[in-house]
1. Could you list, in sequence order, all residues of segment 19-65 that are in a helix (DSSP H, G or I) and in contact with a Lys or Arg (Cβ under 7 Å, 6 or more places away or on another chain)?
2. Does segment 79-86 include one or more residues that are assigned to a strand (DSSP E or B), at pLDDT 95 or above and within 23 Å of ARG43 (Cα to Cα)?
3. Considering segment 62-88 alone, what residues qualify as being exposed (fewer than 12 other Cβ atoms within 10 Å of the Cβ) and either within 14 Å of LYS48 (Cα to Cα) or not hydrophobic (A, V, I, L, M, F, W, C) (or both)?
Amino acid sequence: MIISNAYAQGAAIGGDSGLMGLLPIVLMFVLLYFLMIRPQMKRAKEHKQMVEALQKGDEVLTSGGVVGRITELGEAYASLEIAPGVEISVQRSAVQTLLPKGTMKSLK
């Protein structure tokens, strides 16, 4: 009687406040895509192309830090000569970097 009923009118004033509330979340996902996901996909594509282009005689660095010269290539594995007469087998995807020719000689 003395106190009148008060009704919330926030939705009527803002109109489309639900859409404006989702805008920051959408912008965060777009920013996440361009700053993290897209560059990672680009690096993965470049690594895949490099692994596919490996040839016998290339000098490479593996993800474990081993430097060697490719002596044999298979579908999934590569044989690396890490010292005269010493060969190891590694997965092709473990090859991290293709080194310039003559790098192994300069390391000794």
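The values are calculated or read from the model by the stated rules, or taken from the named source; none is laboratory data. Bear in mind the structure is a predicted one, so any value in this text is a computation, not a measurement. In this analysis, Cβ positions are derived from the backbone assuming ideal geometry, glycine residues included, and neighbour counts consider all displayed protein chains.
1. The answer is VAL51, and nothing else.
2. Within segment 79-86, none of the residues are assigned to a strand (DSSP E or B), at pLDDT 95 or above and within 23 Å of ARG43 (Cα to Cα).
3. Result: GLY64, GLY65, GLY74, GLU75, ALA76, PRO84, GLY85.
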